[in-house]
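Engineer: Dropping the structure in here first, questions after.
Every read-out reported here was derived from the displayed coordinates using simple, explicitly stated rules and does not represent laboratory data. These numbers come from a predicted model, not from an experiment. Neighbour counts run over all protein chains shown; Cβ positions are idealised from the backbone, glycine included.
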Amino acid sequence: MNFEVARARLIKQLATEIKEKRVLAAMSRVPRELFVPPHLMHMAYDDGPLPIGFSQTISQPFIVALMTEKLELTGNEKVLELGTGSGYQTAILAELASHVVTTERFAELMEKARAILKQLGYKNIELHLAEETLGWQSGAPYDAIISTAGAPGIPEILIEQLAFEGRMVIPVGSRYEQVLNVIIRHKKGTEVISLGGCRFVSLIGKDAWEE
């Protein structure tokens, strides 16, 4: 299979709805086939989620592009990602931001992602095994936060880790369906913009779901 041709086809498809050229360019540089299980490589550029083990998934490329676009990254930001998973979204963020801090609950997934990201030469990514408290407080504040797992509500602990005028993209709702939200932290309060329905795995930890 010619992955470059398949990737170019996917980017062309995404460009009908994703207008931020920097996001599309980043996605055209990152080889998604490296982040999916070997037996699913032939589906790497289908626009759908794929299982990666531990009941986790690599997100649909359109959702990756949409969530990344809504962070409005310019290249100078420090970004926090909750849920490293395969490391694919992490790589996209590393292409677009100055520094990425990412947390993952499953050590095996984290080490797999670490190996692939190292193989690809990224030097601006910090990987951590997730703690019970959401996020990574010692690195705060962050200019942007992205959660690749759904929470029952907007976690206050994450808003506290977000810089003023920073943006957070997070799915909020039940364990089975959520609404994708953009949260902007202003000094006088938070602004919430809803982007529509989505479906993610559950965000586990204080201020989110229990195991």
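Engineer: At 0.36 nm per residue, and after removing the present C-alpha to C-alpha distance, how many nm does the segment from Leu195 to Glu156 gain when stretched out fully?
Structural biologist: Net length gain for the segment: 12.0 nm.
Engineer: Another question, if that's okay. Over what distance in Å are the Cα centres of the range 47-83 and the range 175-211 separated?
Structural biologist: The distance from the Cα centre of the range 47-83 to that of the range 175-211 comes to 14 Å.
Engineer: Please state the charge dipole magnitude for the range 1-140, taken about the Cα centre, from unit charges on C-beta atoms (+1 on K and R, -1 on D and E), reported in debye and rounded to the nearest 20.
Structural biologist: 440 debye
Engineer: With runs of 4+ DSSP H residues as the only contributors, calculate the mean residue ellipticity of the chain at 222 nm using -39,500 (n - 2.57) per run, divided by the residue total and rounded to the nearest 500.
Structural biologist: -8000 deg cm²/dmol
Engineer: Quote the relative contact order of the range 57-120 in percent (integer), defining contacts as alpha-carbon pairs under 8 Å separated by 6+ residues.
Structural biologist: 33 percent
Engineer: While we're on this one: Would you calculate the convex hull of the Cα atoms in the range 115-211 and tell me its volume per residue in Å³?
Structural biologist: For the range 115-211, the hull spanned by Cα atoms encloses 117 Å³ per residue.
Engineer: So if R0 is 35 Å, what FRET efficiency would Ser28 and Glu177 give, r being the distance between their Cβ atoms, rounded to the nearest 0.05?
Structural biologist: After rounding to 0.05, the efficiency reads 0.70.
Engineer: How much net charge surrounds Glu160 when only other residues with a Cβ under 12 Å from its Cβ are counted (Lys, Arg +1; Asp, Glu -1)?
Structural biologist: -1
Engineer: Where in the range 161-201 are there chymotrypsin sites (Phe, Trp or Tyr not before Pro) that are in a DSSP coil and have at most 13 other Cβ atoms within 10 angstrom of their Cβ?
Structural biologist: Within the range 161-201, the qualifying chymotrypsin sites (Phe, Trp or Tyr not before Pro) (loop, at most 13 other Cβ atoms within 10 Å) are Tyr176.
Engineer: Still on this structure: Please give the net charge around Glu20, taking every other residue with its beta carbon less than 10 angstrom from that of Glu20, where Lys and Arg add +1 and Asp and Glu add -1.
Structural biologist: +2
Engineer: Using the Cα atoms as the points, what is the convex hull volume per residue of the range 48-198 in Å³?
Structural biologist: 104 Å³
Engineer: Same structure again: Specify the residue with the greatest mean-square fluctuation among Gly166, Gly189, Gly48, computed from a Gaussian network of the chain linking alpha-carbon atoms under 10 Å apart.
Structural biologist: Gly189
Engineer: Let me ask something else about it. Set the Förster distance to 25 Å, then compute FRET efficiency between Asp47 and Glu132 from the Cβ-Cβ distance, nearest 0.05.
Structural biologist: Working from the Cβ atoms, E equals 0.10.
Engineer: May I pose another question? Taking 8 Å as the Cα distance limit and 6 or more residues as the minimum spacing, I'd like the relative contact order of the chain as a percentage.
Structural biologist: In percent, rounded to a whole number, it is 15.
Engineer: Still on this structure, please answer the following. GNM on the chain, C-alpha springs below 10 Å: top fluctuator among His99, His186, His128?
Structural biologist: Residue with maximal mean-square fluctuation among His99, His186, His128: His186.
Engineer: Then there's this: Say each of Leu120 and Ala107 gets a label point 7 Å from the Cα, pointing the same way as Cα to Cβ; how far apart are those two points in nm?
Structural biologist: Each label point lies 7 Å from its Cα, and together they span 2.5 nm.
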